[in-house]
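What follows draws every value from the coordinates through simple rules; no lab data is involved. Bear in mind that the values here come from a model prediction, so they are computed numbers and not experimental data. Every residue, glycine as well, gets a Cβ built from its backbone with ideal geometry; the counts of neighbours run over all protein chains shown.
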Amino acid sequence: MATATLEVIPSEDGLLVALKDEQWTAYVRGYSERILSAARGIVAAECPWLPKDLSDFAQDVLAGRPHTIRISEWLSVLPEFDITNDDDREPARKVVGALRELRSLFNEMFATVRRQLEAEAAMWAKRGDPGRLQ
């Protein structure tokens with residue numbers, strides 16, 4: 001996942017998610033509501049310390065614009081913060097909850113893609129052809 005990207009593409013049927021790596025591209029559906037919910041949480045929190053690319057991602061998703069984000073830049077790390085101002089605590093809790101949901105969602109999508117690729121590889125192996133995974 002070091003070079004993986006995730007692109008959210010709005011469509012009439014909901015959000016299409018393209019997971020891409022150097023060696024493969026996979027598309028998944030069925031995560032629209034969870035992605036939108038996490039994006040709403042990120043935008044609503046209005047946390048200035050949040051990485052700009054993640055804020056842009058959430059705003060684009062809510063505006064119905066396609067957006068690509070490099071997962072390795074933030075997926076494995078949740079922001080560490082020490083909030084001393086009471087006014088900042090609630091937005092921080094909201095955004096961390098949204099980030100955790102998004103991280104869980106992306107991990108679930110990668111697991112789905114892995115199962116799809118393994119099933120495709122097994123199908124090609126059964127046919128005696130190495131196939132071409134894309």
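Things to note:
- Within the shell of other residues whose beta carbon sits under 9 angstrom from the beta carbon of residue 16, the net charge comes to -1, with Lys and Arg scored +1 and Asp and Glu -1.
- Bridging of residue 20 to lysines at a Cα separation below 20 Å is possible for none of them, once same-chain residues fewer than 8 apart are set aside.
- Proximal lysines relative to residue 94, as straight alpha-carbon distance under 25 Å, when same-chain residues fewer than 8 apart are discounted: 52
- Label point distance in nm, residue 40-residue 13, each placed 7 Å from Cα along Cα→Cβ: 2.4 nm
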